[in-house]
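Since the structure comes first, as structure tokens, the remarks are kept for the end.
The values are calculated or read from the model by the stated rules, or taken from the named source; none is laboratory data. None of the values given here were measured: they were computed from a predicted structure. A quick note on method: Cβ atoms are made from the backbone with ideal geometry, for glycine too, and the neighbour counts reach across all protein chains shown.
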């Protein structure tokens, strides 16, 4: 499904109205594009790919380990941030994406004031790959064992 700005805002208004104030005040459209990924994956689960993603070989979906857990998600590692947000796979209601959605307003409060001076840094840390890397790390640090059986990387 292609999420337009209008569809995304309507979805948030219906399902996550507490987030609309942040959504409406993001200074850059890419922040809304990043944020909606986390809400959609949390709510529905599925596979997210940026539109400019090119697959050069068959995706190894059969290699995703279920480990007999209720939730599972998969991220691609990237340097220097940790994980990227241009390809993500998740079961619905995965706690890592719940954590991300809850941290979005916090990151907005800490980055909105310097967005004009350092837009790239503000985007990366408020909604982009640095943000999701920190949100996933925050989730993982609370797990009883590392690596977590519910979060994987490195299959791409």
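Can you confirm whether residue 48 is touching a residue at least 24 places away in the same chain (Cβ under 8 Å) and farther than 26 Å from residue 141 by Cβ? Even if it seems obvious, please write down each step before you answer.
Working: touching a residue at least 24 places away in the same chain (Cβ under 8 Å): yes; farther than 26 Å from residue 141 by Cβ: no.
No; evaluated as a whole, the condition is false for this residue.
Out of the range 106-136, which residues are surrounded by fewer than 16 Cβ atoms within 10 Å (Cβ to Cβ) and part of a helix (DSSP H, G or I)? Give the steps one after another, and end with the answer.
Taking the range 106-136 first, the residues surrounded by fewer than 16 Cβ atoms within 10 Å (Cβ to Cβ) are 106, 109-110, 113-114, 116-121.
Answer for the range 106-136, where residues must be surrounded by fewer than 16 Cβ atoms within 10 Å (Cβ to Cβ) and part of a helix (DSSP H, G or I): 106, 109, 110, 113, 114, 119, 120, 121.
Return the only residue of 56, 62 being more than 18 Å from the chain's Cα centre (by Cα), modelled with pLDDT under 95, surrounded by fewer than 19 Cβ atoms within 10 Å (Cβ to Cβ) and in a helix (DSSP H, G or I).
Working: 56 fails: in a helix (DSSP H, G or I).
Residue meeting the stated conditions: 62.
Take the residues of the range 1-44 that are assigned to a loop (DSSP other than H, G, I, E, B) and in contact with a helix residue (DSSP H, G or I) (Cβ under 9 Å, 6 or more places away or on another chain): which is surrounded by the fewest Cβ atoms within 10 Å (Cβ to Cβ)? Outline the logic, then answer.
The initial filter retains those residues of the range 1-44 that are assigned to a loop (DSSP other than H, G, I, E, B), namely 1-4, 16, 26-28.
With in contact with a helix residue (DSSP H, G or I) (Cβ under 9 Å, 6 or more places away or on another chain) added as a condition, the list becomes 1, 3, 16, 26-28.
Values: 1: 7, 3: 16, 16: 15, 26: 22, 27: 15, 28: 15.
Among them, the one singled out is 1.
Quick one: would you say residue 92 is assigned to a loop (DSSP other than H, G, I, E, B) and modelled with pLDDT of 90 or more? Steps first, answer last, please.
On the way: assigned to a loop (DSSP other than H, G, I, E, B): yes; modelled with pLDDT of 90 or more: yes.
So residue 92 passes the test.
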